[in-house]
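Below is one structure; the comments refer to it alone.
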Amino acid sequence: MSAKHVDVVIIGAGPAGLFAGLRLAGHLEVLLLDRRPRPGGAGGATDGKLNLSPHIGLDLAELGLSEEEATRRIEEVDRIFLDHGADPTLHGLDEARVQWWLERVSWVRRRTLKGGWDIQLVPVVQRHMGTDFAHRVTGAMAGTVRQRGGTFLFETEVTDLQRSPDGRFLVETSRGAFRAPYVVCSPGREGAYWFREKARALGVRTGYGAIDIGCRVEIASAVYEEITDVLYDPKLIFCTPTHQDRTRTFCTNPGGHVRVEEHRGFRLVNGDALKAAKTANTNFAILNTVSMTEPVQDTTEMGHQVARFANFWGGGNSLIVQRWGDLIAGRRSKAQTFYSAELGFDKLLPTLPPGPGVTPGDISFAYPGRIVRNLQESLELLARVIPGVAHPSTAVYVPEIKFYDVRYPTRRDLETDVPGLFVAGDGAGKSRGIVGAAVNGLMAAEGILDRVRAQAAQ
């Protein structure tokens, strides 16, 4: 097969791939591939939150980063985002108001610990790009990569990844084949399963980590704005009383929309928010961290099975939405009563209402009982901190699953045990979020540049 030669192929033009491209372009001939029509990945297609904390989205021990180095790298990532048009507004800087919330959560925690409940607030400084503006920022980054000599191929499917006897990689795509001594794989959560199989075929060692399975909660913005006015995306961690499991809030979208996320073979729920236009609702996820040991270890496959089963209970390939009032009463939600004033369901008009692809139902049929119990207890505890969250009209959607559970043992520069093959981002299990993925991309790029310099010096 005739293949074009380049120095580096980057698979995936999300934040990890973009930042790797920004660092490499101008030094090496770089090609970025993505099956989406534009750069930014899933982060650019959702709310575009930038969590500027070394304790959010990065496993410092796994990456071999000190808190000081991680902070410096995050500051560099933030500067690059600002240089390409990110909103300079920072959330979470009002120390007095943040401290008030920390004390409020601590007060609830002291009152509930004896009953087995636990809750913690993790303060974090954030930026918000918004779904409508994130694409402009990532588009500007792609423009910089091009100015430095990098090339993009969008709407391009990577069909195979092989390693030749000479140590170079052959990347076959729907638009031709490419050969390179270095490959950065940043497939994102949607491409995690595909890359795992390709990596194993190349002889890359893999392992399993935890997976997040949860729900998307939608409430009236007025209920949550007392905290989102201070912390745009409040990070609350729970320890559930029945099972002592860890859950957390994730991806809060004040004035946002709940939306369908299409995957190969199943549908998930997600949420986002525009910068310029707001709805009357706020949505956020509650995620249950699940680890597997024996006899099932493959958390990715487990997550796929849970997603398909939830879609099955939705009627085949559909999300399930349930009113909180129905959930705690032990009954399924139905189209006939979904807006019942008598039940209090008229107080919230969901941004993703029942219709094609969204079925009123019962999440206790769709999810394992332990997970349902954990999600229910987490929302009940959150309601002790923010009254009104657990209103009968609150809408609960499933399935929401985050796939970043495959683990790849790597060097500090994110090179796998197959020389020349680097990994980065959420889909490779090295980050959870835009900023962490961007840090990964820079680290992988620096590793490649170090290899090239060392070879040139020989």
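The values are calculated or read from the model by the stated rules, or taken from the named source; none is laboratory data. All of these numbers come straight from a predicted model, not from anything done at the bench. Cβ placement follows ideal geometry from the backbone for every residue including glycine, while neighbour counts extend to all protein chains displayed. Heavy atoms of the whole protein, side chains included, go into the accessibility calculation; ligands, DNA and RNA do not. Shrake-Rupley method; radii C 1.70, N 1.55, O 1.52, S 1.80 Å.
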Practice item. Over the residues of the range 271-360, compute the C-alpha Rg and express it relative to 2.2 N^0.38 Å. Key: 1.34
Study note, to complete from the structure: Stretched fully, the stretch from ARG175 through HIS27 gains (0.36 nm per residue minus C-alpha distance, one decimal, in nm) 50.8 nm
Review point. Dimensions of the range 326-417 along principal axes (Cα, Å, largest first)?
Key: 61, 35, 25
**Study point:** Peptide ranges 84-92, 188-196, 281-289 listed from the most packed, as the mean C-beta count within 10 angstrom indicates
**Key:** 281-289, 188-196, 84-92
Point to revise | Test item: Cα-centred dipole of the chain, Lys/Arg +1 and Asp/Glu -1 on Cβ, debye | key: 400
Review point. Helix 131-147: angle to the longest alpha-carbon principal axis of the chain, degrees 0 to 90, nearest 10?
Key: 10
Review point. Lysines near LYS275 by alpha-carbon distance under 21 Å, same-chain residues fewer than 8 away left out - which ones?
Key: LYS49, LYS235
Exercise for review: Calculate one ³J(HN,Hα) per residue across the range 93-106 by plugging θ = phi - 60° into the Karplus curve 6.51 cos²θ - 1.76 cosθ + 1.60, and present them in order as whole Hz with x for glycine and proline.
Suggested key: 8, 6, 4, 5, 6, 5, 5, 4, 5, 4, 5, 5, 5, 5
Point to revise | For the range 158-202, alpha-carbon Rg and Dmax in angstrom | key: 10.5, 31
Exercise for review: Provide, in order from the shortest bin, the percent of all Cα-Cα pairs of the chain in each 20 Å bin, continuing until the bin that contains the maximum pair distance.
Suggested key: 25, 56, 18, 1
Practice item. Give the residue from GLN322, PHE345, PRO356 lying farthest towards the positive end of the charge dipole for the range 286-410; charges sit on Cβ (+1 for Lys and Arg, -1 for Asp and Glu) and the dipole is referred to the Cα centre. Key: PHE345
**Study point:** Value at 222 nm in deg cm²/dmol, rounded to 500, when DSSP H runs of n ≥ 4 in the chain each add -39,500 (n - 2.57)
**Key:** -10500 deg cm²/dmol
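What is the percent carbon and sulfur in the accessible area of the chain, measuring with a 1.4 Å probe over the protein chains and ignoring ligands? Kindly include the intermediate steps, with their values, before the conclusion.
Details: 9350 of 18240 Å².
Carbon-and-sulfur percentage of accessible area, whole number: 51.
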Exercise for review: Calculate the spin-label point distance for LEU60 paired with ILE237, positioning each point 7 Å from the Cα along the beta-carbon direction, and give it in nanometres.
Suggested key: 1.3
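Express in nm, to one decimal, how much length is gained between ASP417 and HIS263 on full extension, taking 0.36 nm for each residue of separation and deducting their alpha carbon distance. Don't skip to the end; give the middle numbers.
Working: separation 154, 0.36 × 154 = 55.44 nm, distance 2.94 nm.
Working it through step by step, the gained length comes to 52.5 nm.
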Check your understanding: Taking a point 7 angstrom from the Cα of GLN458 along the C-beta vector, which residues in the range 177-204 have backbone N less than 19 Å away?
Key -> 180-183
Review point. Using alpha-carbon positions, what is the distance between the centroids of the range 322-384 and the range 79-149, in Å?
Key: 28
Review point. Can you give the angle from 0 to 90° between the axis of helix 299-313 and the longest principal axis of the chain, with both taken from C-alpha atoms, to the nearest 10?
Key: 50
Check your understanding: Residues of the chain: accessible area per residue at 1.4 Å, in Å²?
Key -> 40
Exercise for review: With label points built 7 Å along Cα→Cβ from the Cα atoms of GLN297 and ALA329, find their separation and express it in nm.
Suggested key: 4.7
Study note, to complete from the structure: Here the relative contact order (percent) of the range 74-204, from C-alpha pairs under 8 Å and at least 6 apart, is 17
Check your understanding: What spacing in nm lies between the two simple spin-label points modelled at ARG200 and SER106, each 7 Å away from Cα in the Cβ direction?
Key -> 4.8
Study note, to complete from the structure: Expressed in angstrom, Rg and Dmax over the Cα atoms of the range 186-257 are 17.7, 53
Exercise for review: Multiply the residue separation of GLN99 and HIS5 by 0.36 nm, subtract the distance between their alpha-carbon atoms, and state the gained length in nm to one decimal.
Suggested key: 28.3 nm
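Order the peptides 199-208, 24-33 from the highest to the lowest mean number of other Cβ atoms within 10 Å of their residues.
24-33, 199-208
Can you check what the Kirkwood hydrodynamic radius comes to for the range 47-186, Cα pairs only, in Å to one decimal?
When all Cα pairs of the range 47-186 are included, the Kirkwood radius is 19.3 Å.
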Practice item. In whole Hz, with x marking every Gly and Pro, tabulate ³J(HN,Hα) for the range 410-415 from phi via Karplus 6.51 cos²θ - 1.76 cosθ + 1.60, θ = phi - 60°. Key: 9, 6, 4, 8, 6, 7
